[in-house]
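Chemist: Dropping the structure in here first, questions after.
Just so you know, all these numbers are worked out from the coordinates, no wet-lab data involved. Predicted model, so just to flag it, every value in this text is computed and none were measured. Ideal geometry is used to build each Cβ from the backbone, glycine not excepted, and the neighbour counts take in all protein chains shown.
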Amino acid sequence: MTSTATLAEIAGRRSRTYWLLARGFAEAPSRALFGELFAALGPVDPAELLGEETAAFADAVQAALRMDDESVVLAIEFTRLFGGISESYGGMPPFESVVREGRWGGDTVLALTAAYADADIVPPLPEASPVDHLAAELRFLAIACHREGEAWQADNTQAAMDWVRRERDFLDQHVLRWVPAYCEESGNMAETAFYCALLVLTPRACLLDREDIDTILESVPAFAAHA
């Protein structure tokens with residue numbers, strides 16, 4: 001069985017990844033944002049899982065920091081890709097209900113609201129965004145992983161595994177049902193290295209995390225039967 005200390009470390013890494021990705025979709029580009037993202041990324045090993053995609057993202061962040069006018073270009077791209085201005089200007093906004101149901105609201109928003117309430121999590125955003133915004137869903141997972149890590153640190157295996165299963169269900173029922181296709185479509189419209197890299201890295205990170213969750217479930221035999 002993997003040690004609780006290791007599982008706590010893994011949960012912390014997963015939480016930081018989700019939080020970093022969420023910032024790319026939630027916050028308008030600025031030098032301050034790029035500087036904080038670059039510091040959060042730290043050293044990147046291209047040989048690791050997701051290393052190539054993470055390295056491309058880090059390179060794009062660093063390039064944005066070096067260019068005086070890049071924040072203006074990226075601000076336009078941010079609005080075009082994620083602003084939902086019109087069908088003729090950019091793609092669909094990053095709302096799960098819009099992507100899955102063709103309109104905002106409906107069963108998707110009801111299900112998300114229930115999932116947040118059941119977990120006692122209100123994913124914070126710097127602006128009043130809808131609950132099904134991609135950044136809100138990523139931040140929900142970031143907080144869930146953080147709480148999982150706290151449970152591992154407290155040697156509360158039951159609580160930790162409850163969080164792991166909650167993360168698995170949220171990925172299966174929400175994120176992985178729309179984010180890969182959404183990011184692929186938006187990535188085809190992206191014209192800047194930063195957003196191209198973000199839209200490649202995000203779905204692959206979510207898919208890899210889903211695999212990591214299966215590994216975690218299998219690594220704790222006493223709870224695997226109830227997964």
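Chemist: Please identify the chymotrypsin sites (Phe, Trp or Tyr not before Pro) of region 33-114 that satisfy two criteria: DSSP loop assignment and at most 15 other Cβ atoms within 10 Å. Which are they?
Modeler: Passing both the DSSP loop test and the Cβ count: 104.
Chemist: Additional query: GNM on the chain, C-alpha springs below 10 Å: top fluctuator among 209, 120, 59?
Modeler: Of 209, 120, 59, the most mobile in the Gaussian network model is 120.
Chemist: Sorting 216, 76 on the 10 Å Cβ count, fewest up front, what's the list?
Modeler: 76, 216
Chemist: Can you give the helix-only mean residue ellipticity at 222 nm for the chain, where every DSSP H stretch with n ≥ 4 adds -39500 (n - 2.57) and the sum goes over all residues, rounded to the nearest 500 deg cm²/dmol?
Modeler: -23500 deg cm²/dmol
Chemist: Over the Cα atoms of region 72-123, what Rg and Dmax result, in angstrom?
Modeler: 14.0, 40
Chemist: If you don't mind, there's one more thing I want to ask. To the nearest 20 debye, what charge dipole does the chain have about its Cα centre, counting +1 at the Cβ of each Lys and Arg and -1 at the Cβ of each Asp and Glu?
Modeler: Charge dipole, the chain, about its Cα centre: 240 debye, nearest 20.
Chemist: Counting other beta carbons within 10 Å of each residue's own, what order do 36, 191 fall into, fewest first?
Modeler: 191, 36
Chemist: Continuing with the same structure: Which whole-angstrom value gives the distance between the alpha carbon centres of region 9-43 and region 165-207?
Modeler: Distance between centres, Cα-based: 15 Å.
Chemist: If you consider only alpha-carbon coordinates, what radius of gyration and Dmax does region 1-109 have, in Å?
Modeler: 17.2, 53
Chemist: Based only on Cα atoms, what mean projected area does the convex hull of region 4-224 have, in nm²?
Modeler: 12.1 nm²
Chemist: Take 30, 3 and order them by how many other Cβ atoms sit within 10 Å, fewest up front.
Modeler: 3, 30
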